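Before any comments, here is the structure.
The values are calculated or read from the model by the stated rules, or taken from the named source; none is laboratory data. Fair warning: this is a prediction, and the values are worked out from it, not measured in the lab. All Cβ positions, glycine included, derive from the backbone under ideal geometry; neighbour counts span all protein chains shown.
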Number of protein chains: 2
Amino acid sequence: MQALFFDNRLSLQDIPVPEPSRGEVLIKLLYSAICNTDLEIIKGYMGFKGVLGHEFVGRVITESHPLYGKTVVGEINCSCQQCYLCLSGRRTHCEHRSVIGIAGRQGAFADFISLPAENLHIVPDAIPLPLAVFTEPLAAAVEIFEQLHMKPSGSVFIFGAGKLGLLVSMVARLHGFDYTTFDAVTEKTAFAFKLGINSRTIRELSQHEKAEVCIDCTGSPAGISLAMSHLWPKGTLVLKTTVADPAKPDLNSIVINEFTVIGSRCGLFSPALNLLERRLVDPSTMISGKFMFMDIINAFEAAKNPLNHKIIIDHNV
Amino acid sequence: MQALFFDNRLSLQDIPVPEPSRGEVLIKLLYSAICNTDLEIIKGYMGFKGVLGHEFVGRVITESHPLYGKTVVGEINCSCQQCYLCLSGRRTHCEHRSVIGIAGRQGAFADFISLPAENLHIVPDAIPLPLAVFTEPLAAAVEIFEQLHMKPSGSVFIFGAGKLGLLVSMVARLHGFDYTTFDAVTEKTAFAFKLGINSRTIRELSQHEKAEVCIDCTGSPAGISLAMSHLWPKGTLVLKTTVADPAKPDLNSIVINEFTVIGSRCGLFSPALNLLERRLVDPSTMISGKFMFMDIINAFEAAKNPLNHKIIIDHNV
């Protein structure tokens, strides 16, 4: 089969179709999408070498399995279910985990992928297939609400109107609290505004404006300092992005202001699928381009353009 | 009156007795103590210049006030009670606050101090006078329990068996959870052990041992990285110390492990006074030396010795 391999450089390679291990099923890829994490990996983040890709929708082709023929999306952390972290409800942090296309496991930029059946969720019929690739990043946005009680009376600043920032904003908008999404780039705040998101450019943010919760989706070291400077004392800063060259914030500011800083990573698929199925979150206008899988190298070039949003890969042949 | 003035160097100076503003009372100092924050200030932290000292017990000498003649301790943050932070229950973070001996207000290393009456707490008779100076640092230890729900089934590592680490450990010991206090210096863990604290040296900590809550009281940039490496994913790191040269932790680790990092500063005096009055926390053996106020410059030299614990200043004449 064809697969996009990363080993210091990206190349399409012909590799064997994976053989499902015990508990796994084989999936034919239908659509996938490029995430900022993919762009960070090719800059060196995680030191991963192998087949990239972790946002996807596919069809189960293992005939012997009850999921045969179903359209599925897959949670990206594959866990042992036996260690302390698995047994204490933290399977996404399993000490022996592999992560699809990120750590120790082949990704979804390929014709086929083999995954543990327990990671899969059937995609409701009401969700158009290309939109199902948003399940994984939308789950990551919903994870903030899983970790943090955001009061209806509160105030929230979201920094960064990129792909993740827009999804976080679309979820934030469903709640009663005041929120504003900031970006340095006017085109991005204008795009967010068209999606119905309350957005402003960072230039319009005066130094005295503060929120009880600041969410950093900038993926930029400078973004975190900015977010911290607009947080009320005893407020919560949510860190959403991992980058190859991470920021190092001033700890004295955290202690003096008694900030809470919460790292936030992958989320649960069920609430994300619910929001997509109910059309409460409609990311369709976030698709900036579609490329056939054989053209995925060019798709990566398009994804690097910061004004582009989601680049979708069409695996149908 | 005599006062210990800091202006790039420490000197005893003769300055006027302060005149109480509206709402303030004049206090004759009885005992005070040197805190690590004082040692950081003379290294440049906060850029403070003026009379140092914020841990004290004294007697109210303003005859017209109902507190006249009472023995009192004082919360160190003086707030406006009118700003958003004061009105939302965050008076210690008041935007217009001054902080005794730390920011914009004369400290307690003097014959007299003037303070808002609302900051004062009467010291119960059962607390020996020199021990009352521990109210402020003990309140800072109790603040962790005010901010964070530490479950009886949990596990807690405390890093640093200095003054604050010992007080945090003494409070931790009152709860049902497993806790261990670590320090690199054998003399310090041995001293903690004599106080009944479950303590080990950092050499004895294997890299696989982890806790659900790690509390950094090391006051050292390296301590924070160490604490983070012994924290379970989704665990909570409490930062307790401010230093002139702050550490800059790896943010990727916070995001990937979904750590919560909580900055923790000053606490409430009432629960601290309760613990001292009930003798549930007895810091008397933590007093490493007593100096007369006129000898305070030498007291600072003694306080700089990391093997010394609390250095007490006797203001009685």
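Quick notes on this one:
- Checked against the criterion of being under 22 Å from residue A:256 (Cα atoms) and surrounded by fewer than 17 Cβ atoms within 10 Å (Cβ to Cβ), region B:13-24 has no qualifying residue.
- Among the numbered conditions (1) outside any helix (DSSP H, G or I); (2) surrounded by fewer than 21 Cβ atoms within 10 Å (Cβ to Cβ), the only one that residue A:86 does not meet is (1).
- Any hit, region A:201-215, residues being at pLDDT below 95, within 19 Å of the chain's Cα centre (by Cα) and not in a loop (DSSP other than H, G, I, E, B): no
- Selected residue (criterion: surrounded by the most Cβ atoms within 10 Å (Cβ to Cβ)) from residues of region B:162-200 that are free of Cβ contacts under 8 Å to residues at least 40 places away in the same chain and in a loop (DSSP other than H, G, I, E, B): B:197
- Total residues in region B:263-276, condition more than 14 Å from every other protein chain (Cβ to nearest Cβ) and of a type outside the set (Ser, Thr, Tyr): 7
- Failed criterion for residue A:293 (all others in (1) aromatic (Phe, Trp, Tyr); (2) free of Cβ contacts under 8 Å to residues at least 60 places away in the same chain; (3) in the same structural domain as residue A:93 (by TED's automatic domain parsing) hold): (2)
- For region B:115-147, a residue qualifies if it is over 20 Å from residue B:219 (Cβ atoms) and crowded, with 18+ Cβ neighbours inside 10 Å, and the qualifying residues are B:115, B:116, B:119, B:120, B:121, B:123, B:127, B:130, B:131, B:132, B:135.
- Residue in region B:33-84 that is nearest to residue B:143 (Cα to Cα), counting only those that are in contact (Cβ under 8 Å) with a residue 12 or more places away in the chain and of a type in the set (D, E, K, R): B:75
- Any hit, region A:240-262, residues being more than 18 Å from the chain's Cα centre (by Cα), more than 9 Å from chain B (Cβ to nearest Cβ) and without any contact (Cβ under 8 Å) to a residue 12 or more places away in the chain: no
- Residue satisfying all of: in region B:1-41; assigned to a loop (DSSP other than H, G, I, E, B), within 24 Å of residue B:130 (Cα to Cα) and β-branched (Val, Ile, Thr); farthest from the chain's Cα centre (by Cα) among these: B:17
- Residue count for region A:258-290, restricted to those that are surrounded by 19 or more Cβ atoms within 10 Å (Cβ to Cβ) and not hydrophobic (A, V, I, L, M, F, W, C): 7.
- Top-ranked residue of region A:85-108 - restricted to ones that are within 14 Å of chain B (Cβ to nearest Cβ) and in contact (Cβ under 8 Å) with a residue 60 or more places away in the chain, ranked as nearest to residue A:123 (Cα to Cα): A:92
- Residue match in region A:220-236 (condition: under 17 Å from the mean Cα position of the chain (by Cα), in a strand (DSSP E or B), crowded, with 23+ Cβ neighbours inside 10 Å and within 14 Å of another protein chain (Cβ to nearest Cβ)): no
- Unmet criterion (only one of (1) surrounded by fewer than 16 Cβ atoms within 10 Å (Cβ to Cβ); (2) on the phi > 0 side of the Ramachandran plot; (3) not hydroxyl-bearing (Ser, Thr, Tyr)) for residue A:7: (2)
- Residue list for region A:243-294, filter: touching a Lys or Arg at 6+ places or on another chain (Cβ under 9 Å) and assigned to a helix (DSSP H, G or I): A:251, A:255, A:256, A:283, A:285, A:286
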